[in-house]
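Peer 1: One structure follows; several queries about it will come next.
No value in this document is a laboratory result; all are computed from the given coordinates. Given the structure is predicted, the values throughout are model-derived calculations rather than measurements. Cβ placement follows ideal geometry from the backbone for every residue including glycine, while neighbour counts extend to all protein chains displayed.
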Amino acid sequence: MTSAAPAMPGELCSAQSRSRARTKSRNPKSLADRPKKLPVRIMTAGLGQALAFLKAKGYAPGLLAELTDWINQRMPPQGNEPKDLLERIVKGNADVLRRATDEVLAYLLWLNRFAEAEGLTEDTEES
């Protein structure tokens with residue numbers, strides 16, 4: 001199985017800009033908290049369960065939309081496959097789940113680094 005080429009920074013920046021536009025009226029430091037906690041939740045419970053939790057609680061709907069957009073760009077839906085990320089994971093096979101998990105974790109890693117560089121995280125503790 002071949003892996004996709006890494007994303008260009010411009011692609012990531014435009015996704016971040018869209019995310020910022022959607023959430024301009026909210027406190028940026030509180031928004032940076034969700035992507036920071038999500039990778040741990042994904043590694044603990046799995047991608048499907050972590051996204052279902054976000055959706056059920058109504059946490060960070062903009063983040064869920066951004067993740068769906070990102071996965072649809074990186075892994076375009078095939079045939080009658082749903083466009084919604086959560087539906088794709090539920091209805092997809094193990095390969096879709098593995099690839100989507102890798103892509104989401106990579107996106108969140110970048111997003112967390114970006115938020116930290118922009119000073120949007122509440123704890124800017126240096127290691």
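Peer 1: Quick one: how many lysine pairs in segment 34-116 have C-alpha atoms under 23 angstrom apart, if they're 8 or more apart or on different chains?
Peer 2: For segment 34-116, qualifying lysine pairs total 9.
Peer 1: Based on the Kirkwood radius over alpha-carbon pairs, what value in µm²/s does the Stokes-Einstein equation return for the translational diffusion coefficient of segment 25-117 at 25 °C and 0.890 mPa s?
Peer 2: It diffuses with D of about 182 µm²/s by this estimate.
Peer 1: While we're here: If you take the beta carbon distance between M43 and R113 as r and set R0 to 25 Å, what does 1/(1 + (r/R0)^6) give as a FRET efficiency, to the nearest 0.05?
Peer 2: According to the calculation, E is roughly 0.90.
Peer 1: Right, next: Work out from phi, with θ = phi - 60° and the Karplus expression 6.51 cos²θ - 1.76 cosθ + 1.60, the ³J(HN,Hα) of each residue of segment 39-48, listed in order in whole Hz, and give x for Gly and Pro.
Peer 2: Each residue of segment 39-48 in turn: x, 5, 5, 5, 5, 7, 9, x, 5, x Hz.
Peer 1: Let me ask something else. Need one number: nm distance between label points at E87 and K55, each 7 Å from Cα along Cα→Cβ, rounded to one decimal.
Peer 2: For E87 paired with K55, the spin-label model returns 0.9 nm.
Peer 1: Through the Karplus equation 6.51 cos²θ - 1.76 cosθ + 1.60, θ set to phi - 60°, convert the phi angles of segment 70-80 into ³J(HN,Hα) values in whole Hz; use x for Gly and Pro.
Peer 2: Rounded to whole hertz, the list is 4, 5, 5, 6, 6, 9, x, x, 9, x, 9.
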